[in-house]
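Worksheet: the structure to be examined is printed underneath.
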Amino acid sequence: MSIRFVNVSKSFGPRKILQNISFEILKGEILFILGKSGVGKSVTLKQIVGLMKPDEGDIYLDGAPISKLSLEELAVIRSQCGMVFQHPALLDSLNVFENVAFGLGTPQYMKTHPTLLSQEAKKSVVIDKLKRVHLTDSILERFPPEISHGMQKRTSIARTLAPEPSYILFDEPTTGLDPITTRAITDLIFELSRELKITSVVVSHDMACALSIADRILVLDQGEILALGTPEEMRKSKIPLIVDFLSETLFQEDEITQKEVK
Amino acid sequence: MTLEVVLLLKKITLQMMDIFQKTLLGQIPLRKSEIVQAIVSSGIETLPIISVSTAFTGLVVTNEIAWHLHESLQSVTMMPGFTGQFVVRELGIAIPALLIVANSGASTTAEIGTMKITDQIDALTLLGIDPISFLVFPRFIASMISMSCLIVISVFITLICASAVAVLKYHFTVPEYFNATVHFIHPKDLVGALIKGVVFGAVIPIISCAYGFQCKGGAEGVGLATTNSVVTSTLTVICLDFLLTYLFTLLF
């Protein structure tokens with residue numbers, strides 16, 4: 001049970017985004033993909049679930065070659081994957097309950113869960129998932145624009161958790177959030193991965209978060225893998241880009257410490 | 001219009017036909033609540049602007065026709081016939097269609113475009129929902145129903161306003177005016193109007209949604225997609241209006 005990239009290349013017009021990259025994401029691990037903007041982090045993530053196809057090479061999810069699957073086969077594979085997008089991506093016309101329960105009645109879900117859930121059963125699943133992301137059932141009837149951005153993010157994670165995926169892909173889950181909510185979301189990713197034994201792939205710019213919860217960190221630069229290793233290995237790295245990321249992290253930590261002292 | 005949009009238009013059209021056929025055969029349940037909701041937003045909410053616009057258009061056109069008749073023939077007795085035919089065959093259809101393009105067509109592109117750039121379309125795909133079936137089909141059915149109803153209403157309002165001009169300014173009596181109008185309007189004109197309504201009603205949401213799905217970038221991308229959608233829909237409605245009118249004159 002793993003995700004394997006084999007010689008994957010992807011271009012948009014003349015711009016090469018990924019060049020012949022190969023790596024493996026192991027079952028149950030938290031892998032952070034770091035890099036500057038536009039290096040293909042989100043493209044890497046979207047290729048795992050077939051939202052984008054590689055130009056060359058392939059991605060194997062539990063041994064199945066994603067780009068060669070039919071739509072029906074892809075639907076089965078996708079039922080094991082959840083994705084938390086950069087935007088909360090909640091449907092504005094549905095309330096929190098309907099958003100979280102949305103994935104519980106789809107044909108894709110019915111393939112793996114043949115018993116149709118009653119409205120009561122759905123409600124209990126939704127409340128359970130909201131609790132998992134530290135939200136209460138008081139927001140069930142509220143619509144996305146009526147709750148804060150941080151709550152929308154959590155609701156989006158709850159929606160992803162509802163169909164019980166084996167893999168969750170997080171696309172910059174903390175972008176646009178304040179430091180406290182960022183910390184809370186980062187802790188949540190760690191909790192979910194460890195308690196539910198979910199394999200998590202997190203695309204981020206945030207080295208501090210990566211160092212605190214990742215099992216391994218992959219750094220992309222100019223379409224290639226610059227480094228892949230544990231947080232400890234990253235801390236010791238002498239590669240300039242990683243050193244830059246680390247010094248930025250140390251700078252932020254210093255600022256926080258100084259504010260606390262004041 | 002890019003090749004990408006043309007291909008997407010083809011894909012959505014074929015998919016709509018397929019879903020329509022499957023729904024008629026009972027293989028797919030009809031999502032009535034979504035369709036009703038779409039009828040409310042594309043039809044009922046646009047009714048006030050369509051009523052006001054067609055009312056004033058009726059007043060203007062009747063005055064113009066009467067003036068020209070009077071100038072050229074020194075008589076306005078043909079006014080009900082000319083006005084009636086013009087309203088039922090063209091004006092009562094084109095004005096609501098163009099207003100629907102500007103109103104609900106633009107809002108559909110903006111809504112789907114925003115969903116696209118905020119990852120909602122990808123989220124639907126990952127949850128196993130086909131975004132085209134889910135988002136386009138209710139709008140497609142609702143738009144055809146709304147457009148047909150709006151055409152009937154706008155024709156009625158335009159004729160009422162035309163009769164008001166005829167009665168108040170050109171001294172027709174109400175029965176005189178309506179008898180003359182009815183004499184010139186044939187069932188085939190009404191059938192033609194409804195066919196045009198259904199065709200425009202089908203085309204507008206397909207174009208609006210296609211541009212929404214092709215939306216890229218941020219707010220600027222949504223604005224650009226909306227502008228392109230309105231321009232393409234307007235041109236398509238005008239061209240189709242000509243083609244259908246030409247076809248009807250050959251057939252009837």
- For B:Lys196, the aspartates and glutamates lying under 18 Å Cα to Cα, once residues fewer than eight places off in the same chain are dropped, come out as B:Glu90, B:Asp241
- Task: Rank B:Leu59, B:Gln37, B:Ile19 by how far each Cα sits towards the positive end of the charge dipole of the protein assembly as shown (+1 on Lys, Arg Cβ; -1 on Asp, Glu Cβ) and give me just the farthest.
- Result: B:Ile19
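Charges at C-beta only: +1 for Lys and Arg, -1 for Asp and Glu. How large is the resulting dipole of segment A:90-164 about its Cα centre, in Debye rounded to 20? If you can, show how the numbers build up before the last one.
Working: 10 positive and 8 negative charges, 51 e Å.
Taking the Cα centre of segment A:90-164 as origin, the dipole is about 240 debye.
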- Principal-axis tilt of helix B:106-117 within chain B, Cα atoms, nearest 10 degrees: 10 degrees
- Note on the structure: For chain B, the longest principal axis of the Cα atoms and the Cα long axis of helix B:174-184 enclose an angle in degrees, to the nearest 10, of 60 degrees
- Item | Mean Cβ count within 10 Å, highest first, over the residues of peptides A:209-216, A:12-19 | A:209-216, A:12-19
- Check: chain A dipole with +1 on Lys, Arg Cβ and -1 on Asp, Glu Cβ, in debye: 340 debye
- Can you grab the distance from the C-alpha centre of segment A:150-168 to the C-alpha centre of segment B:158-216, Å, no decimals? 50 Å
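Students often get this wrong, so check it: of B:Lys32/B:Lys188; B:Lys11/B:Lys32; A:Lys36/A:Lys197, which have C-alpha atoms separated by over 26 Å?
On the way: B:Lys32/B:Lys188 31 Å; B:Lys11/B:Lys32 24 Å; A:Lys36/A:Lys197 29 Å.
Among B:Lys32/B:Lys188; B:Lys11/B:Lys32; A:Lys36/A:Lys197, the Cα-Cα distance tops 26 Å for B:Lys32/B:Lys188; A:Lys36/A:Lys197.
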- For helix B:187-213, what angle does its Cα long axis make with the longest principal axis of chain B, in degrees from 0 to 90 and rounded to 10? 30 degrees
- Query: Once Lys and Arg get +1 and Asp and Glu get -1 on their Cβ, which of B:Ala162, B:Ile28, B:Leu47 lies farthest toward the positive end of the dipole of chain B?
  - Reply: B:Ile28
- When the charge dipole of the protein assembly as shown is computed with +1 at the Cβ of Lys and Arg and -1 at the Cβ of Asp and Glu, the Cα pointing farthest to the positive end, of A:Gln152, A:Tyr109, B:Leu243, is that of B:Leu243
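In what order do A:Ile157, A:Ile180 fall by count of nearby beta-carbon atoms within 10 Å, going from fewest to most?
Values: A:Ile157 27, A:Ile180 9.
Ascending Cβ contact count within 10 Å gives the list A:Ile180, A:Ile157.
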- So what is the relative contact order for segment A:129-262, in percent, with contacts set as C-alpha pairs under 8 Å and at least six apart? 16 percent
- Message: Given a Förster distance of 45 Å, report the FRET efficiency between B:Val152 and A:Glu72 from their Cβ-Cβ distance, rounded to the nearest 0.05.
- Response: 0.55
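Can you tally the lysine pairs in segment A:90-164 where the Cα-Cα distance is under 19 Å and the two residues are eight or more apart, or on different chains?
Working: A:Lys111/A:Lys122; A:Lys122/A:Lys131; A:Lys123/A:Lys131; A:Lys129/A:Lys153; A:Lys131/A:Lys153.
Summing the qualifying lysine pairs gives 5.
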- Query: Mind ordering A:141-147, A:2-8 by average Cβ neighbours within 10 Å, highest first?
  - Reply: A:2-8, A:141-147
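Under 25 °C and 0.890 mPa s, how fast does the protein assembly as shown diffuse according to Stokes-Einstein, given a Kirkwood radius computed over C-alpha pairs? Answer in µm²/s, whole number.
Numbers: Rh = 26.3 Å.
D, rounded to a whole number, is 93 µm²/s.
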- Under 12 Å from the Cα of A:Lys27, which aspartates and glutamates turn up, not counting those fewer than eight places away in the same chain? A:Asp62, A:Asp215
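Compute, for chain B, the length of the dipole vector about the Cα centre, with Cβ point charges of +1 (Lys, Arg) and -1 (Asp, Glu) only. Units Debye, rounded to 20.
380 debye
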- Message: Counting other C-beta atoms within 10 Å, and keeping those with at most 16, which DSSP coil GluC sites (Glu not before Pro) do you find in segment B:1-101?
- Response: none
- May I ask you to derive the FRET efficiency for B:Met17 and B:Ile49 from their Cβ-Cβ distance with R0 = 35 Å, giving the value to the nearest 0.05? 0.70
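Using the Kirkwood radius over Cα pairs, work out the Stokes-Einstein diffusion coefficient for chain A at 37 °C and 0.692 mPa s, in µm²/s as a whole number. Please list the in-between numbers first.
Numbers: Rh = 19.3 Å.
Rounded, D is 170 µm²/s.
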- Item | Calculated from backbone phi, Karplus (6.51, -1.76, 1.60) coupling profile of segment A:86-95 in Hz, x at Gly/Pro | 4, 8, x, 6, 7, 7, 5, 7, 10, 7
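Within 10 Å of each Cβ in peptide A:104-110, how many partner chain Cβ atoms are there on average? Round it to a whole number, please. Could you put the intermediate results ahead of the total?
On the way: counts 1, 3, 5, 3, 4, 2, 1.
Average neighbour count from other chains, rounded to a whole number: 3.
Just so you know, all these numbers are worked out from the coordinates, no wet-lab data involved. Everything numeric here is computed off the predicted structure, so don't read it as measured data. Don't worry about glycine lacking a Cβ; one is built from the backbone with ideal geometry, like all the others, and counts go over all protein chains shown.
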